[in-house]
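Report on one structure; see the data block that follows.
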Amino acid sequence: MIKALALAVSGVLVGSAALAGPYVNVENNAGYQGDDGYLGSTTDIHVGFEGSSDVYGYYVQAGPAIVAPDGDDAEMEISGKLGGSVQATDSFGVYGEVSFITDDIEPIFGTKIGVKYAF
């Protein structure tokens, strides 16, 4: 399934480059835990492109990430995301995302995959 989604996203990226639209996405993700409270945050400042063709959609974005742990100095890293979606029917869709952020030792990668059903 992941291979199929990757192929669909690749096909959309190649087949509809003229439909791509640029955007800026500034996003802050903060963490909290029990009695410790605030743990820190990461703020992504991304420039990206998105597009769609028929039932396929995609986006790719990257830029600086300000990592600010609570009680420690903030550091600048680089982060990015590549995602896509397939609207299988009017009420059912599948989506996925691969993300990364640099680190002193080696990059950290994350994935997201899901389905959405509208009633």
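Quick notes on this one:
- By other beta-carbon atoms within 10 Å, ranking Ser79, Ser52 with the fewest at the front produces Ser52, Ser79.
- Local electrostatic count, Phe100, Cβ distance below 13 Å [Lys/Arg +1, Asp/Glu -1]: -3
- A simple count of charges around Gln61, restricted to other residues whose Cβ falls under 13 Å of its Cβ and scoring Lys, Arg +1 and Asp, Glu -1, yields -3.
- From least to most packed, judged by other beta carbons within 10 angstrom and beginning with the fewest, Asp72, Asp104 follow the order Asp104, Asp72.
No lab work stands behind these numbers, since they all come straight from the coordinates. Every value quoted in this text rests on a predicted model; they were computed, and no experiment measured them. A quick note on method: Cβ atoms are made from the backbone with ideal geometry, for glycine too, and the neighbour counts reach across all protein chains shown.
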